[in-house]
Structures are given as C-alpha cells and as structure tokens.
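One structure is given here, and the rest of the page talks about it.
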C-alpha cells in the first residue's frame, strides 16, 4: 500500500486535518491560558509530533525529509514539536538487493559485474532516498556505491502532491497561513528535496568541497568516480573510520580531544561565516575519524549556500547592532528576505532594540553556554512571534550551527566556545575585504551628529519633558563617542599629512615649509593621543555607570 498514490495522499492529508482539528478544539475548550492548560497544550504537541514521526517511518518517502526540513523552522513550529522531530532518524528498512542491482545496470547500461569485482548483498546504510553498498571494482579500488531506492522518485512526487494539499489547507484555516508565505515555503521544500534526489547534484557538491578544502590540515574529502556516477548512482572512495564522537576509538589511538574539536570548529567556521556552500547536515555520522586523527567529511546531499551578497548583508546586520543603528538592521533583514511584506517594521525595530539592550547591558564576563542557550531560546521565540520567515539556506545555516555545537561538546565537553569564537567574529565583522567594513561604518557614524544637528535640535524642542529626561543621558554618551572618534580621525589625518609632507619634501621644501609641516604633523599626533585618552576614559565612565545601574 505504501506505493499506492491514493493511499499515501489520504494518510498524509488526514493526519494534517486531524492535527488541525485537535488544535482547534483545544483552543475552544481551554480559553484561560494558565500553567495547567499550557502543560496540556505541550503534551498535545508532543503527542502529535510522535505520531508524525511514527507515520514518517512507516510511509518513508517525503515525510522523513519534511520532518527534517521542518525541524529547522523555529519560525513556524513550537519548540516541543521541533524537539521531537530532531529525533527523526533517516534510517529505513532496506530494499532487496536485486532491485538496487537493476537500477545500477539501467544507469550503467551494462551488467553490474562489468565494472564491479565484488559487492555486498546487504547495504551498509539505508535511508529514505538511497542505500549504500561496499564494493570492490575491477581495478582493485574499494568503493561505496550509493543507489537510489526503488521507486523513490514516484513516491516523492506523490508526497509532493499531498503536501501541496496540506499547505493549501494550512493557508486557509491556520494562523501559520497568515504569518508565513506557505507558497514560498513549499517551493523551498521541493527545491531542497529535489536536489537530494539528483545524485549528479551531490557529485557537484562533493567536487566543490574537495577543491575548497584541498590542503586544509587534518581534513579530507573523499574522491568520487565521475564516470560511474549518474543521476541515481554515486560511486565514492571507501573510507575506513568511525563516527567522530566515538570515545573508545579516540582513547585507543591516543588522539587529542581538544585538537579534534578545534579542527572541527575551524572546518565549519570556514563554511558558516564566509560566502559559498556549507555542509547542512554535519552530524557525527557524516564526520568520520581516522586512526591518525584526520577528519573525513562525507555525504553532500544536503548543502546550503550563502552568496557573497548575503554574507555582506549579515555583516551589515551585525554592524547595525554594534553601532546601535537599527534602521540598518531592518534594511539588512529586508534585503535577505527575512521580513514578510506585511511586517510592521517600526515594531520589529523596537523589539530588536529592546532585546539587544537587555543583553548588552548584562555582564558578558559571565557569558557561558547556559546563557548562550537562553539567548537562542529567546531568539527562537522572537522569530516565531514576529512576521519573520527564514529562507531555507538560513534555516539550514542555523541547523548546521546547532549540530556542530552538539558535536563539539560531545568530543570536548570543556570547550569554551566564546573564547574560540571571539577572534573569528571580530575579524569577520571588521570585514577585511568587504566594502561594508566596520571601520568605514564607524567613520560614517562619527559624522552623523554634524549632519543631523538641525534635526536633533528640532526633536529636542518638540519632544515631551519625560521623553527628554529618558533620552538625555544615552544621547550624551552617543554624541561624545561620535565627536571623540571624529576629531581623533581628523587629528590622525592632519598628523599623517604633515609628517608625510615633511618627509617627502625634506630636500625640496624651504626651511619654513619643512618646519610648518613638522608642526602640523606634531599637533595632529598630539591631538590624536589626547582624544584617544579622553575617549577611553569616557568609555570607562559609561561602562561603570551601566554596571552601577544594573546592580
């Protein structure tokens, strides 16, 4: 029955309608949202998530991939539902070997044993899209042959039809339909899963990562056989190794846990903070460990991509937080298609500012993993409640980051993520090659008081007494910061110009010209030191004031 289109569509649509009906009646019967009803609500969601997982493993096909896709969507589903979906493991019952053999021979257009000397009749891994067999080729190479599951393309296309009906129902009768662009979400789902169904796409991804990390110390990407790989068959080098979290293996081979964790950290920082493709499913099974400590990254069916333009937008957004410029944050969110068309931008800006201020006024010396988890929970809640929809690549980026953190803490429990991450974020935000360099933005920000002085005076005269009292201290701090940076910059430029002119014209300028250049240069450098010292003391004073206020 699993291969019957009507049966699959009926089961999937019925389950969705059943869930919506249960949610409708729960809200109808529980109008007072107290702790008891909140607990019952979470129990209902857990029950639904478990039923979904059970059905997914029973039907296989798209439901497993949809569950994994939705487990990245904190902007759409409650946390308790997501938690259950995270446990949806893509391991299913294997199909008979003869069916896989037939697929290989159809794609190779010849007998399997024309190229293969020996092959296991049982797969070493079996998932919803493909099965992996260990084999030896005629030329002596040991390889892994990944074969698309029998009739999987028809199953997935049937499930796409069922999900289209489900999304249509959601858009008409649920709050999700009002909050999210379900049409775009459906297209993303088809695009993401469609790529996984095409092994030629996975081959391209693997060759990309092979080239990108060639020479990356302690990291290896397997070789792939391009001639034998097709749309339904993928042939890659066989890797002898274990899951990277295998503690017994690490101990037996006297490997350094911290060094392994650091290598994983560097490998994924390289992917997650620069433009280009990143591995979107970096769980322990896709990161293998060799006896010499080499990390082998495999399985490139699920990848995300951050364009150079998007990387610049992310950098601009973080700079906006640093510079307290929330208009820039909102513009970056719009450019990245995070904000839905009906979003109240002023409300979102206000909430972003309030949330950021709440954390920035805290004591970051005590910033640990517990605080980080709390921030992530708050961000998930914020995203879920606001008119924000994460594009698939950004959802995958968040999912990949979360998985990598889990792998790192499993390998090296005493890891200090903040200590390792601060230098990376500092270099990244300052934007070495980016036109959106933080230093450029600071200079622009420093000139704002001079350009906006008339507007500030007008606002001061029209605001109420209560608002002025509230804003006065913060505005003073900001203005002094900007003036000190601005005049320090002018001092530096005049000093550099004076000294540069004196050195260049040492033998060309008359005595008075040479002396004047030296005086200008000296005054500029003295001014730079003066404003730098005053600015530093001002920052110390502001920091001390904030700490006293928070206490």
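A short reminder: the numbers here are calculations on the coordinates, not readings from a lab. Keep in mind the model is a prediction, meaning the values are calculated, not measured. Using ideal geometry, Cβ is built from the backbone for each residue, glycine included, and neighbour counts are taken over all protein chains shown.
When all alpha-carbon pairs of the stretch 205-309 are counted, what percent fall beyond 21 Å? Mind showing how you got there, number by number?
Details: 1973 of 5460 pairs.
So the portion of pairs separated by more than 21 Å is 36 percent.
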What is the distance in Å between the Cα centres of the stretch 286-324 and the stretch 224-260?
20 Å
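Let's test the formula: R0 of 22 Å, r as the Cβ-Cβ distance of residue 184 and residue 13. What FRET efficiency results, to the nearest 0.05? Walk me through the numbers on the way to the answer.
Values: r = 21 Å, r/R0 = 0.96.
With a Förster radius of 22 Å, E is 0.55.
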Quick check: residue separation of residue 141 and residue 401 times 0.36 nm, minus the Cα distance between them. What number comes out in nm?
90.1 nm
Gap separating the Cα centres of the stretch 1-23 and the stretch 203-222, nearest whole Å:
42 Å
Averaging over every viewing direction, what projected area does the convex hull of the Cα atoms of the stretch 123-175 cover, in nm²?
5.4 nm²
Taking a crude spin-label model, label points 7 Å out from Cα along the C-beta direction, the residue 154 to residue 26 distance in nm is 3.8 nm
With each pseudo-label sitting 7 Å past Cα toward Cβ, what's the residue 327-residue 33 distance in nm, one decimal?
3.4 nm
Sort 278-289, 163-174 by the packing proxy (mean of other Cβ within 10 Å over each peptide's residues), most packed first.
278-289, 163-174
Between residue 51 and residue 204, the two model label points (7 Å from Cα along the beta-carbon direction) sit apart by a distance in nm of 4.1 nm
